[in-house]
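Quick notes on the structure that follows.
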Amino acid sequence: MTIVGLGPHGEPAAAPERVTLLPQDIAAARARNLRVAIVMHTVQSDWAKHLIQGIVAVLGDCGAIVMETIDCDFSPDLQIAALDRLRGERLDAIISLPVDNAVVAEAHKRVSAAGIKLVLVDNAPTGLLPGKDYVSLISADNFGLGKMAAELLARQLPENAKAGLIGFDADFFATNERELAFSRWMEINRPDVRLTTTRFKAVASAGEATANMMDANPDLAGMFVVWDTPCVEVLSTLTTRDMAIPVTTVDLGQEVSISLAAGGPVIGISAQQPLLQGQAVARTTITTLLGRGCPEWVALPGLGVTRETVAESYQTIWRTPAPREILRGLDLLT
Amino acid sequence: MQNPKTNANQERPRGRPRGGDLVAASLCEVLNLVRLGQADTRQEIERTSAFGRAIVADRLATLGELGLIDEAGTGVATGGRAPRLVQFCKERARIVVITLNQSALGVGIADLSGQLLTEHHEPGDLAEPRACIDRISALVRWIVSRQAKVTDLWGISISVPGPVIANPAERFIRTTPDFLHDWGNSGLVETLLREFQTPVWISSSVEAMTMGELHGGTGQGETSMLFVKTGKRIGAGLVAVGRPYHGASGAVGLIGQLPVTADGQTGSLDRMAGTDMIEAQGREAAATGESSALAELLSRNLPITAHEVCQAAQMGDPASTAIISRSGHLIGGVIATLASMLNPSLIVLAGSVAQTNDILLAAVRETVYGVSHPLVTRDLRIVRSQMGASAALLGAASIAVEALFAPSVLRDWIMSGSPVHHPEMVESLASANRSEPKVQSVAPPPPAAIRT
């Protein structure tokens, strides 16, 4: 599958296969006794857990010890404090998912200036340059994910419908890309659809933002939520109001998968592949620590998931059997 | 908001300057001293400008009222009371920056110091000007809507993939220059003026990227830099004595037209070494099986562009490496001539081919170091840009900031507090508002024709 989007500086994507480790690379890494820290926006979501799992496994194969995994709880202040503290540790590399843009940029620059290799996940603060301020950015093709979500929703939207876009009120590369791709696809391919946008500041307020949007737009015929965790809040709001309009989102979290299997309100999901992404992050980290160049932007394609494919996609992405609630929703259990 | 002082500045008198002109000139000087970091206390402004204490106090008060200067901070005491810091309010307004190239478009937003705050890049097709302009408008609306705290927009600066010959008599453009086939009548500038009611600037992408590299990339602090952009077209920018060099008519660096010879063939550098050649040779190598990596793409019906050839070369495919090396040697030959004449301390390679692999860089280095006089290359660094398309956005921001605060422009709007009230800008906007869109928006495609 091709990558649709461009990197944070307009870079064309490099496939994850561009960063490979040969047995001699692994042996060389093991001889180095490497030390790595992981700084995440959250460690609570399914996506984050699997990303970390992918990173830790490959680093383990290479004898690199993960000294700390930090949960920043989406807080720029917590992330800045964590990065500043980690600069004082004897670390070879820090893998970070920047929780904001300009606010956390300088703290990330200080990591590189201290001689610690910085590998970014999903977001590159504006002003940081690959090869200078960080090694590489590894993310999903978020532009492709947004486009995919638009295509899935458009199938269920009647002519001249009004659709809601529920975005994240933070300057964040991944969610910006999804939002822009969604609206672009609609503008080009469904110009009859009128889009209305609202944004939430925190996951917990996504339901309230949706409720306000629904009050102002009682004729909404569908919605796109930029990732699955806030989508759960949106689904709760829909249930409270006894409404069942079609919804698409990003990431195959358990609750949205169950809704998809049950026939709605979630009717389609564009899913990231966090385990594979985590493995690519770790390979990139080891590659740079061995002194070799890395692509500026490594991107992984998304996976379009419908009710027909949700069980198998669940297995593909989470490497575990789909829960019984999903199988029950698909009428696969007697 | 209209300032009552504006009217006094509407007609500039000839001959001896009047009081209003003198006030505007001193306001400009004080503002630019602070903005450029040459003075940050009242005492330093007095010392640097030779204005008296009363005039400096009056001008700072005026600039404070206009929201351009802030004196809230305090500096370091050197005996006695700590001085108040005078700082430029870079958050007073925003500048939108746009970059167009053959296959992508980017949009960003910058503060008044020219610092890029956020950016976005996506695929685009310049072959469809109207659809492209519609998308640019949508992206500008989106990025401005994300600026909750700063709502004033003081300009839109665009970098385009072609030469832009400026009219020195026109400080605010009103119409779209003919930078590429079909774009002179596209209505790009007119649409942006009409929709966003703010000044628009257009510069060539090579010029903008050179400025971006100078202000935010490897070129920071360099006084002598040659910037070369590789792509479908190959162009160069020059920094001399720390400033961009524009040439007699702004047509500096059009090196893509120069003839080069390879394998018995002679053609322009663009044709012989640009991405069209790389793509054509990559397809040929795929068809003949000379490149196994590209042949595999062909067998799967996947596209083969210059990007795929670059990626295959980076992965070690010999045929692709030879294609990129040949391009690099041809470009290197032209660069060596330029370097021998200009003796730069830094050469920066940018553009899609240079960005995706190191082979082009290696070939250029080999040629330049091999054929140039040792004195030319003794301290010469040849590097690859790390900025990607961000260089064009950052450079476009610098171009807008320099244009806004150039004393000859600033003196005509500073009393009103906004460049939108500059007399020539007011005329430009009136002209744009009177004009109708030249081309209607494209009709929606049939449902079957889903596009990306």
Seminar exercise, completed: Taking 0.36 nm per residue of separation between A:Asp331 and A:Glu308 and subtracting their Cα-Cα distance, the length gained on full extension comes to 7.1 nm
For this session: Using a Förster distance of 56 angstrom, determine the FRET efficiency expected from the C-beta separation of A:Ala216 and B:Leu342, and round it to 0.05.
Result: 0.40
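On full extension of the chain, what length is gained from A:Lys132 through A:Thr320, given 0.36 nm per residue of separation minus the C-alpha to C-alpha distance? Numbers along the way, then the final one.
Details: separation 188, 0.36 × 188 = 67.68 nm, distance 3.91 nm.
63.8 nm is the gain from fully extending A:Lys132 to A:Thr320.
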Problem set entry | Label-point separation, A:Thr2 to A:Leu22 (7 Å along Cα→Cβ), nm | 3.2 nm
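Where does each of A:Met243, A:Met223 land when they are ranked from fewest to most other beta-carbon atoms within 10 angstrom?
Working: A:Met243 12, A:Met223 26.
The most exposed by this proxy come first: A:Met243, A:Met223.
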For this session: Return a whole-number percent for the relative contact order of chain A, with Cα pairs under 8 Å and 6 or more residues apart as the contact set.
Result: 21 percent
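Return the FRET efficiency for the residue pair B:Glu402, B:Arg53: r is the Cβ-Cβ distance, R0 is 45 Å, and the value is rounded to the nearest 0.05. Don't skip to the answer; put the middle values down first.
Values: r = 30 Å, r/R0 = 0.67.
Efficiency computed from Cβ-Cβ geometry: 0.90.
Determine, for B:Cys28, A:Cys231, the number of other Cβ atoms within 10 Å of each Cβ, and report the residues in order from fewest to most.
Sorted ascending by nearby Cβ count, the order is B:Cys28, A:Cys231.
In terms of the Cα gyration tensor, with a ≥ b ≥ c the square roots of its eigenvalues, is the stretch A:150-273 rounded because a/c is under 1.5, prolate because a/b exceeds b/c, or oblate? Spell out each step's value before the answer.
Working: a/c = 1.16, a/b = 1.08, b/c = 1.07.
Here the stretch A:150-273 falls in the rounded category.
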Exercise. So which of A:Lys109/B:Lys90; A:Lys162/A:Lys201; A:Lys117/A:Lys147 end up more than 25 Å apart, counting from Cα to Cα?
Worked result: A:Lys117/A:Lys147
Problem set entry | For chain B: relative contact order, % (alpha-carbon pairs under 8 angstrom, 6 or more apart) | 18 percent
Problem set entry | Residue order, fewest to most surrounding Cβ atoms within 10 angstrom, among B:Ser435, B:Ser203 | B:Ser435, B:Ser203
Seminar exercise, completed: For B:Val150 and A:Ala204, extending 7 Å from Cα along the Cα-Cβ vector and measuring point to point gives, in nm, a value of 3.2 nm
Exercise. Placing +1 at every Lys and Arg Cβ and -1 at every Asp and Glu Cβ, with all other atoms neutral, what dipole size does the stretch B:32-92 have around its Cα centre, in debye to the nearest 20?
Worked result: 100 debye
Exercise. Listed highest first by mean packing, meaning other Cβ atoms within 10 Å per residue, what order do B:373-386, B:187-200 come in?
Worked result: B:187-200, B:373-386
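Looking only at other chains, what is the average number of their beta-carbon atoms within 10 angstrom of each beta-carbon in A:9-21? Don't jump to the answer; show the numbers that get you there.
Working: counts 12, 18, 7, 12, 2, 4, 2, 0, 1, 3, 0, 1, 0.
Whole-number average of other-chain Cβ neighbours for A:9-21 is 5.
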For this session: Using Cα positions and a limit of under 17 Å, work out the aspartates and glutamates in reach of B:Lys232, with same-chain residues fewer than 8 apart set aside.
Result: A:Glu11, B:Asp125, B:Glu207, B:Asp270, B:Asp276, B:Glu279, B:Glu308
For this session: Report, in whole Å, the centroid distance computed from the Cα atoms of the stretch A:262-334 and the stretch A:127-179.
Result: 16 Å
Exercise. For the residue pair A:Asp73 and B:Val76, what label-to-label distance in nm results when each label sits 7 Å from Cα along the Cα-to-beta-carbon direction?
Worked result: 3.8 nm
For this session: With a/c under 1.5 counting as rounded, go ahead and sort the stretch B:333-410 into rounded, prolate or oblate using the C-alpha gyration tensor (a ≥ b ≥ c being the square roots of the eigenvalues; past the cut-off, prolate if a/b is larger than b/c, else oblate).
Result: oblate
Problem set entry | Dipole axis of chain A (+1 Lys, Arg; -1 Asp, Glu on Cβ), positive-most option in A:Phe74, A:Thr20, A:Leu327 | A:Thr20
For this session: Let me have the relative contact order for the stretch A:18-165, percent, based on Cα pairs under 8 Å that are six or more residues apart.
Result: 19 percent
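Ranked highest first by average number of other Cβ atoms within 10 Å, how do B:303-310, A:87-94 line up? If you can, show how the numbers build up before the last one.
Details: B:303-310: 22.4, A:87-94: 16.9.
In descending order of packing, they fall as B:303-310, A:87-94.
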Exercise. Roughly how big is the protein assembly as shown's charge dipole about its Cα centre, with Cβ charges of +1 (Lys, Arg) and -1 (Asp, Glu), in debye to the nearest 20?
Worked result: 1500 debye
Exercise. Taking every residue in A:178-185, how many Cβ atoms of other protein chains lie within 10 Å of its Cβ, on average?
Worked result: 3
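Given the rule -39500 (n - 2.57) for each run of at least 4 DSSP H residues, summed and divided by the residues of the protein assembly as shown, what is its mean residue ellipticity at 222 nm, to the nearest 500 deg cm²/dmol? Don't skip to the answer; put the middle values down first.
Working: 29 runs with 331 residues, N = 786.
For the protein assembly as shown, the value works out to -13000 deg cm²/dmol.
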Problem set entry | Assigned charges on the beta-carbon of Lys, Arg, Asp, Glu; chain A dipole about Cα centre (debye) | 860 debye
For this session: Could you please tell me the mean projected area of the C-alpha convex hull for the protein assembly as shown, averaged over all directions and given in square nanometres to one decimal?
Result: 38.7 nm²
For this session: Take peptide B:112-125, look around each residue's Cβ out to 10 angstrom, count Cβ atoms belonging to other protein chains, and average those counts.
Result: 5
Exercise. For the stretch A:1-148, what does the alpha-carbon gyration tensor say about shape, rounded, prolate or oblate, given a ≥ b ≥ c as the root eigenvalues, a/c under 1.5 as rounded, and a/b over b/c as prolate?
Worked result: rounded
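Just so you know, all these numbers are worked out from the coordinates, no wet-lab data involved. Note that the structure is a prediction, hence the values are computed from the model and not measured. Using ideal geometry, Cβ is built from the backbone for each residue, glycine included, and neighbour counts are taken over all protein chains shown.
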